[in-house]
Amino acid sequence: MYMKGTSSKSSPVDTRLSRRSFLFAGAAAGGGLLISINASMFRADRAAAADAQVTTFAPGAFIRIDKAGNVTAIIPQVEIGQGVYTSMPMLLAEELEVEPNQIRVEQAPPDDKLYANPKLGFQATGGSTSIAAFYEPFRHAGAVARTMLVAAAAETWGVDASGCRAENGTVIHDASSQRLTYGDLSAKAATLQMPDKVALKDPKDFKVIGRSLKRRDSVDKTTGRAQYSIDFMLPDLKVAVPQASPIIGGKLVGMDEKAALAVSGVRRVVRFDDTVAVIADHTGAARKGLAALNPQWEGGALTYSTANLVSDLDKAAAGEAVVATNEGDVKNAASVAATTLEARYESPLLAHGTMEPMVCSVRITADGCDVWVGTQVIARVQSAVAEATGLPVEKVRVHNFLMGGAFGRRLETDYAVQAAMIAKQVDFPVKVIWTREEDFQHDVFRPYYVDKLSAGLDENGMPTAFSHRVAGSSVMARWTPAWFVNGLDPDAVDGAAGPYKFDNPLIEYSRSEPPAGLTTGWWRGVGVTHNSFPVESFIDEMAVSTGKDPVEFRRVLLAQSPRAKAVLDLAAEKAGWGTPMPAGKGRGVSVIVLFGTHVAQVAEVSVDPQGDVRLERVICAVDCGLVVNPDGAKAQIEGGIIFGASAALYNAIEIESGRIVQTNFDTYRVMRIDEAPKIEVFFVESDQPPTGTGELGTAAIAAAIANAVFAATSKRLRRLPVGLDVTAK
């Protein structure tokens, strides 16, 4: 949903890096240069602070220590349930020599220069990058602060710094038994020259990293004290409930404004070409006013349906394609193969289904614009609202909240722009709250994909040729055009060959866009969450066609990928792979590499005579490098599996007569607590830097379930959700 006068695309982000930005991003990725780049920004501040006798010590963008010894971590990533307010302070604590519970957390403001995600090049939380991107920068920040505090103590005592050590927020000189707290030293440390290089701990000496810590936000979230954007209030705040055209691409042609204004508590009706909103004293009045308004819509894609969408994708898959990978000669290899296989797979449109629908509050005054929102892209919201209101970026102040679900949906700015456009029409602050129906009908959906795969197998049943053509819309072309080069969407083909090194591989992409008004975007697990289903299902097809065990078949294919083979072996062992299953039950396996993390899952399912599938057990083996907070990582994987399993078993967004069919959780089913499987997660011990854990559980599960259904029923599923295909005759 977008309104006239606003772009149908999110505000563009200039991904061209200046030399300075490149140095900053490179420093953050490698760690060594980050503090020195930031030094020029903070030295003047420190000098001014010293002159004013201010004793706060802020050696860089991520850390601040005051005269009372309070340590504050400025977190550039937003908390969306992945636990960054717990895990990222652990990185500082390890090098700073304090306990994590001694560190306060503060959300970083919008600032692409100071708080850009090194993995992405701009300030954003997504792609399972939080720990991977800031593992070294945060450790360096802690080490720099510790080094400067030790130097301040040594200077105070007139001793050599090598004889001093930091421990639990204190610097100690063992020879004289003198000690000073970080608070005592903060003022002097603020005047010292920042070191160009610091030594980081050897992982074998870690005392904090690798410990399982309780989430610091869990108590507030479970007791209802946590504040989300939907909770935000101001004394004069009014509530707006919008409705955009339920017809894809439709326009507003009529409404009963008089009836809406007659509802007690209704203050205003605001209309745009494709959206109307009723503003009232509270949500109930706004919703009643919207019902009385009875907006009428026409035009748009009135005859469009899911069948049209799939037909367009099939045409694209049969037409021209952009080559992503082409090694060897796939056609020749397939022509001389002993056996050839072909298969077509479908993956549906998916909604995000967040518990908290889209909410944003905006107040526009002569002094600028304040935005209270839950977003994964704080700086992007700032620039998008600035564009929508015509204000300078620095006049837009974004205040971020915890989010009741994101999963990629809050990488978009449409709901914030809508709130800003509505707020421009009134002289009081407005909180815009989408209804659940609005949230489903105007989501930014995971694209629908059609996948065509083929393989040639030799006389031993091993692949000598592999091709995979992906047909779908391009998220990157809309969201980050700079990443969409020569017609290729790298995300759409991410994982299109799985973790395997095939002989003669050909990977292609055919772009096909739905009509304007039906927007596709990022979904938890992004490209691999779609590609793992056709690829891992097709791997099973290859194995079964030649009588090979699916795990043994994969072991051979993964001979050159030791980390992937290791997680496969671990998952198979823990699952008891090869032991008999009762009639009507089956095991299935999948292996993926996502954001540098290697994952293998074994799913166990039962299928009753009516074709109903129940997921009973999931075994997940993970190599994500060094695990910073094991309990937190495990929880992320468990949650991802539940999210992905719900989608694989039940979920699809369907279109009829130009309208989204699913409008709430009664038609878009979520796995209930009594349906949740037993989940067992096992980590491979590693001394490699950490990689992501937030999305891998979601991405791997669909194929494991589909392969388990085949093991139980001998029915191969080539279309999701499982319920649509397993009962098909």
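Every read-out reported here was derived from the displayed coordinates using simple, explicitly stated rules and does not represent laboratory data. Keep in mind that this is a model prediction, so the values were computed, not measured. Cβ sites come from the backbone with ideal geometry, for glycine too, and all protein chains shown count toward neighbours.
See the values below:
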| item | result |
| --- | --- |
| Region 487-562 versus region 424-477: alpha-carbon centroid distance in Å | 14 Å |
| Amide H within-cut-off set for Asn117, under 5 Å, with H built and near neighbours excluded | Phe122, Gln123, Ala124 |
| Amide H contacts under 5 Å for Thr691, placed H, 5+ residues apart | Gly625, Leu626 |
| Size descriptor, Kirkwood hydrodynamic radius, that averages inverse alpha-carbon separations across region 459-525, Å | 13.6 Å |
| In nm, spacing of pseudo-spin labels at Thr306 and Lys207 (7 Å Cα→C-beta vector) | 5.7 nm |
| Ala259 versus Asn168: modelled label distance in nm, points set 7 Å from Cα along the beta carbon direction | 7.1 nm |
| Span-like helix ranges in the chain, DSSP H, alpha carbon extent 20 angstrom or more, Kyte mean at least 1.6 | 696-713 |
| Cα gyration tensor shape of region 601-660, rounded if a/c is under 1.5, else prolate or oblate by comparing a/b with b/c | oblate |
| Derived scalar couplings ³J(HN,Hα) [region 223-233; Karplus, 6.51 cos²θ - 1.76 cosθ + 1.60; whole Hz; x for Gly, Pro] | 9, x, 7, 5, 9, 10, 4, 6, 7, 5, 9 |
| Förster radius 51 Å - calculated FRET efficiency between Lys715 and Ser218 (Cβ-Cβ, nearest 0.05) | 0.75 |
| Cross-link table Lys214/Lys395; Lys67/Lys113; Lys119/Lys431; Lys119/Lys201; Lys258/Lys424; Lys251/Lys315, entries beyond 26 Å C-alpha to C-alpha | Lys214/Lys395; Lys67/Lys113; Lys119/Lys431; Lys251/Lys315 |
| For Arg397, distant residues with modelled amide H under 5 Å away | Cys369, Asp370, Val371 |
| Residues of region 237-269 with amide N under 20 Å of a point placed 7 Å along Cα→Cβ from Asp281 | 237-242, 258-269 |
| Length gained when the stretch Gln610-Ala291 is fully extended (0.36 nm per residue, less Cα-Cα span) | 110.8 nm |
| Cα shape, region 614-729, gyration tensor, a/c 1.5 rule | prolate |
| Distance from region 203-260 to region 659-713 (C-alpha centre basis), Å | 24 Å |
| Share of alpha-carbon pairs per 5 Å distance bin for region 412-568, given as whole % | 2, 8, 14, 16, 14, 11, 10, 8, 6, 4, 3, 2, 1, 1, 0, 0 |
| Net lengthening on full extension, Val393/Asp666 (0.36 nm per residue, minus Cα-Cα) | 94.2 nm |
| Radius of gyration and Dmax over the Cα atoms of region 301-399, both given in Å | 24.3, 75 |
| Derived scalar couplings ³J(HN,Hα) [region 587-593; Karplus, 6.51 cos²θ - 1.76 cosθ + 1.60; whole Hz; x for Gly, Pro] | 10, x, 10, 8, 9, 9, 10 |
| Segment Glu298-Glu675, extension gain: residue separation times 0.36 nm, minus the distance between their alpha carbons | 131.6 nm |
| Evaluated over region 173-289, the Cα radius of gyration and Dmax, each in Å | 28.6, 84 |
| Label-point separation, Glu513 to Met581 (7 Å along Cα→Cβ), nm | 4.3 nm |
| Region 521-554: chymotrypsin sites (Phe, Trp or Tyr not before Pro) falling in loop per DSSP and having at most 16 other Cβ within 10 Å | none |
| Ordering of 111-117, 676-682, 649-655 by packing [mean C-beta count within 10 Å, highest first] | 649-655, 111-117, 676-682 |
| Karplus-derived HN-Hα couplings along region 397-403 (A = 6.51, B = -1.76, C = 1.60, θ = phi - 60°), whole Hz, x at Gly and Pro | 10, 9, 10, 9, 10, 4, 10 |
| Shape of the chain, Cα gyration tensor, a/c cut at 1.5 | oblate |
| DSSP-loop GluC sites (Glu not before Pro) across region 349-453, with at most 10 other Cβ within 10 angstrom | none |
| DSSP bridge orientation in the chain - percent antiparallel, rounded to nearest 5 | 75 percent |
